[in-house]
1. Would you check which residues across segment 153-188 are surrounded by 11 or more Cβ atoms within 10 Å (Cβ to Cβ), farther than 16 Å from Pro136 by Cα and of a type in the set (Asp, Glu) and list them?
2. Filter segment 148-178 down to the residues that are of a type in the set (A, V, I, L, M, F, W, C), closer than 23 Å to Ala33 by Cβ and touching a residue at least 60 places away in the same chain (Cβ under 8 Å) and list them by number.
3. Would it be correct to say that Gly59 is in contact with a helix residue (DSSP H, G or I) (Cβ under 7 Å, 6 or more places away or on another chain) and on the phi > 0 side of the Ramachandran plot?
4. Which one is nearest to Val44 (Cα to Cα) among residues in segment 97-123 that are in contact (Cβ under 8 Å) with a residue 60 or more places away in the chain and of a type in the set (A, V, I, L, M, F, W, C)?
5. Just checking, does segment 194-204 include any residue being assigned to a loop (DSSP other than H, G, I, E, B) and more than 18 Å from Ala108 (Cα to Cα)?
6. How about segment 84-96: which of its residues are farther than 26 Å from Arg149 by Cα and in contact (Cβ under 8 Å) with a residue 24 or more places away in the chain?
7. List the pairs whose first member sits in segment 56-74 and is surrounded by 22 or more Cβ atoms within 10 Å (Cβ to Cβ) and in a loop (DSSP other than H, G, I, E, B), whose second member is aromatic (Phe, Trp, Tyr) and at pLDDT below 95, and whose Cβ atoms are under 8 Å apart, counting only residues at least 6 apart or on separate chains?
Amino acid sequence: MTTPPRHIHRYSPANVDSAQDGRMFSPSFERNAEPIRAALEPVVGSRSATLLEIGSGTGQHAAFFAQAFPKLRWAPSDPVPEHRVSIAAWRRWAEADNLDAPIDLDAAGDWAGMAEVVALGPLAAIFSMNVVHIAPWSVAQGIVAGASRALGQGGRLILYGPFAEGGRHTGEGNARFDAALRAENPEWGVRDLDDVAALARDAGFGAVQVIAMPSNNRLVVFTRG
C-alpha cells in the first residue's frame, strides 16, 4: 500500500471499531447519516447522475447514501489506504450497483485531471464531508479548484461540517473543537464560511446555499456558474 500524504487525517483504532470483513465503524455515523441524507435529498436525491465524494473515510456514509439514492452513481475516494480497504468492504456489504470502488485521491493535488476522475464522465456533484477542518487550507483550496474544473455548468459542490460564520463560531462546542484541532495540528481548524465562499466565488461558483444541521454543523452548497 502507498503511504498517504502526511497532512491527511486518518482514523486510528482508538476512535473507530472494525469488523472481521474489513469494515470500519465511526461513532458519528449513527448521529448524522439520516439528517445529512434528508438535507441532500432535494439537492441530488432525484438525479440520475454521478457524484464524486472526496474523503470518504470509513465508507459507511458512501454505502448508506448509495442505497438511499439508487439513481445516483456514488464514486467514493480517500488518500488513506486503510480507509480505502474499509470503503471497499462497505461496498461489498452494501451490494449497491451504483457504488463504485474507491479512488486514491489527494484533494490537495491536481486531482481533477486524474484518469480515474476523468473516466467518471460528467460530474453532477462533488461532496466532501468533515474534511476541510481536519486538513490544511491547501486541501480546501484544492477541493474548490478541482471542482471548478470537474463540474459542468450547474454542477454542485457540497461541503458538510462545522464552519465559523462572519469570524464567529456558531456554538461553544465548535469553539472548543477548533482549539483542539489547532492544538493537534496548527494547519487544521474550523474554517470560516466567508473564506470558503470567497474561494468558490473566485473559482466561478455562484451564490451559496447554507443549510443548518444538528450539532451546529452546516451543509453548504455551491453551484457552478
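1. Once the filter is applied, which keeps residues that are surrounded by 11 or more Cβ atoms within 10 Å (Cβ to Cβ), farther than 16 Å from Pro136 by Cα and of a type in the set (Asp, Glu), segment 153-188 yields only Glu165.
2. Result: Leu157, Ile158, Leu159.
3. yes
4. Going through the qualifying residues, I end up with Leu123.
5. yes
6. Val85, Ser86, Ala88, Ala89, Trp90, Arg91, Arg92, Trp93, Ala94, Ala96
7. So the pair list comes out as Gly57/Tyr11; Thr58/Tyr11; Thr58/Phe25; Thr58/Phe29.
The values are calculated or read from the model by the stated rules, or taken from the named source; none is laboratory data. Here the structure is a predicted model, which is why all the values come from computation and not from measurement. When we count neighbours, we look across all protein chains shown, and the Cβ atoms used for this are built from the backbone with ideal geometry, even at glycine.
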